[in-house]
1. Could you say which residue among A69, A51, A40, A74 is in contact with a strand residue (DSSP E or B) (Cβ under 6 Å, 6 or more places away or on another chain), within 21 Å of N99 (Cβ to Cβ) and modelled with pLDDT under 95?
2. Out of curiosity, is L32 under 28 Å from G181 (Cα atoms) and at pLDDT 95 or above?
3. What's the total number of residues in segment 3-26 that are of a type in the set (D, E, K, R) and either outside any helix (DSSP H, G or I) or surrounded by 16 or more Cβ atoms within 10 Å (Cβ to Cβ) (or both)?
4. Could you list all residues from segment 64-106 that are touching a Gly at 6+ places or on another chain (Cβ under 8 Å) and small (G, A, S)?
5. Restricting the first residue to segment 137-164 and requiring it to be in contact (Cβ under 8 Å) with a residue 60 or more places away in the chain and on the phi < 0 side of the Ramachandran plot, which pairs with a second residue that is assigned to a strand (DSSP E or B) and among the small types (G, A, S) meet a Cβ separation below 7 Å and a spacing of at least six or different chains?
6. Looking at A63, A69, A29 in this structure, which one is farther than 24 Å from L141 by Cα and under 16 Å from the mean Cα position of the chain (by Cα)?
7. Among the residues of segment 27-71, count how many are assigned to a loop (DSSP other than H, G, I, E, B) and without any contact (Cβ under 8 Å) to a residue 60 or more places away in the chain.
8. Does L108 fit the bill of being touching a strand residue (DSSP E or B) at 6+ places or on another chain (Cβ under 6 Å) and touching a residue at least 40 places away in the same chain (Cβ under 8 Å)?
Amino acid sequence: EHCAERGILALNLMGAPGCGKTALLEATARGLEGRCRSGALSGDLETDRDAARLEAAGIPAAAITTGSACHLDAELVHRALHRFPWHELDLLFIENVGNLVCPAVYDLGQAVNVVVLSITECEDKPLTYPPLFRKADMVVLSKVGLLPHLPGISLEAIRDHLARVSPTPNVIELSAVTGEGLPVWIDWLEARRARA
C-alpha cells in the first residue's frame, strides 16, 4: 500500500545464492543513472555485504538480516521501509535471501516478481523449483557471457524448461559484466514503472 500510494514500483528479486542478484542491481544502477531513483532492501542471513555493494554502486540500500530464516516476509520488509527513505524512490528492489524454495511462498507487498537464474546453475532448475518460476513476471538469465565456456549448457533447453512451468515466460538474457541484455532489462523496468 505504501508503494502503490506513491507510485513506487516494488520488485521482489529472487534467486539462488551466487546467481547474480546483487551484480544485476549494480548493473541496473549504471543503466538507470539519471533516469529514475532506485533503492534496495537486501536480505541476508548474517551480513550487510550486499547492501554495502549496492551503496557503493550508488543505490541507497538497507540490509535486512534474518538470522536463520531462509526468506524475507512482509513484516521484515515493512519494518525496514520505516528505517529507509523509500518515499523518495521510483523503484524499490527487494533483494530476497538466496533460496529457490521459500521466497516463492511469501508476499512482500511487491508488484512484480523477478527471478534471476544463472546459466551456470543447470538447465533443470525451472522443473525442480516450479513455484518460484510460476510466480515470475520476468526471468533474467544471468551470466550469459560465460556461455562460450560452458559447452554443456543450452539456452534453448533452459527456455524449454521455463515454458513447461510457465506457458508464456518473459525472459531476458543478460550479462552484468558485459552489459549484454541490459538495455532490454532497463526498458522493461521503465515500462513496468510507468504502469505503477
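1. Within the list A69, A51, A40, A74, the selection yields A51.
2. no
3. Of the residues in segment 3-26, 2 are of a type in the set (D, E, K, R) and either outside any helix (DSSP H, G or I) or surrounded by 16 or more Cβ atoms within 10 Å (Cβ to Cβ) (or both).
4. Scanning segment 64-106 gives A74, G98.
5. Partner pairs satisfying both residue conditions: S142/S118.
6. Sole residue among the options that is farther than 24 Å from L141 by Cα and under 16 Å from the mean Cα position of the chain (by Cα): A63.
7. The number of residues fulfilling the criteria is 17.
8. Answer is yes for this residue.
The values are calculated or read from the model by the stated rules, or taken from the named source; none is laboratory data. Not measured: the values here are computed from a predicted model. Neighbour counts run over all protein chains shown; Cβ positions are idealised from the backbone, glycine included. Ligands, DNA and RNA are stripped out before the accessible areas are found, and what is left, the full protein with its side chains, is counted by its heavy atoms. Shrake-Rupley method; radii C 1.70, N 1.55, O 1.52, S 1.80 Å.
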